[in-house]
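These notes are about the structure you will find just below.
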Amino acid sequence: MIRFPLFVVTLLLVFLAFISAQDTAATPPAPLHNAGVTEKITFSEVNVDGPYIAMTFDDGPHATNTAKLLDMAAKRHIKLTFFVLGECVAQNPAVLQREVAEEHEIGNHSWSHPNLAKLSDEAVRSQLRRTEDLIFKTAGVKPTLMRPPYGELTRRQRIWVNHDFDYKVILWDVDPLDWKRPGPSVVASRIIAGARPGSIILSHDIHPPTIEAMPQVFDALLAKGFKFVTVSELLAMNKGGERPEVVNHPEVQPSPQHQLTPPTLTLPATSPSKSPASAVSPNDQD
């Protein structure tokens, strides 16, 4: 029987392992469009029976503007959806707690409002994870929705974000361009004219003129017979029929399970009547 020196056997094993790794690396991943299971994960509107709409507000919470908006919603018994920035939650935790206590929905709008489509996957993951963790720590809820700043997120990003965070990606079909500050009457008229059953309406609760427009918006849409629901409630009414997206692409693997830290809550009893206005974020578009 031939016996080889130990170092020869070791070198042979290392060589074989190297060749195997090269073969694996040379195998291209399956193309995105050939993946199997599909699901709708991005929504600009929802196909519903009935006059249901979702009013959504981005870039808060704001210390005074959001509180005024919550007062208006409470008076009319309507529910809203807030896509919040992590840095604003850090500044105004009590406002987020009030949003949750009054049964509005919270979505993830990133930490600092960058264009996510221009960031690395790890940077996008950090923007979303930091915000999700702070939302949970502050108010005890985990978002199931996200809205990318400026509406910018690539198809591949949408798929892995859905894998990693189990988020639906929410865009909009009515945009009053309130970030351009056209004035309350223009904001109101654009929303009222554009709303239709299943609409997801975009606004920003950091702009005072937008808040001034909301009583007219709410009252006019209620008078037209529209019913305000959260985005998740609107999605639950979905009749389907939309073009699905691939969600089990082999290139997109979920990250390890992330554990959220339980919150310590101190919920405000009522809205603060007066509080110092926080600085408006410069990242106020969409």
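The numbers here are math on the coordinates, done by the rules we state, and not lab data. On a predicted model such as this, the values are computed, not experimentally measured, just so you know. Quick reminder, even Gly has a Cβ in these numbers, built from the backbone with ideal geometry, and neighbours come from all protein chains shown.
Spin-label point model (7 Å from Cα, Cβ direction): what's the residue 141 to residue 121 distance in nm? Those two pseudo-labels are separated by 3.0 nm. Phi angles of region 216-230 translate, via the Karplus equation with coefficients 6.51, -1.76, 1.60 and θ = phi - 60°, into HN-Hα couplings of 5, 4, 4, 5, 5, 5, 4, 5, 7, x, 6, 10, 8, 9, 6 Hz per residue; Gly and Pro are given as x. Between residue 156 and residue 232, the FRET efficiency estimated from the beta carbon spacing at R0 = 22 angstrom works out to 0.35.
Our summary gives region 41-151 a relative contact order of 26 percent, counting only alpha carbon pairs under 8 angstrom and 6 or more residues apart. Sorting the segments 197-203, 168-174 by their mean number of nearby beta carbons within 10 angstrom, highest to lowest, gives 197-203, 168-174. Panel order for 104, 204, 77, by other beta carbons found within 10 Å of each beta carbon, from fewest to most: 77, 104, 204.
Computed over region 83-228, the alpha-carbon pair-distance distribution with 10 angstrom bins reads 11, 36, 36, 16, 1, each value a whole percent.
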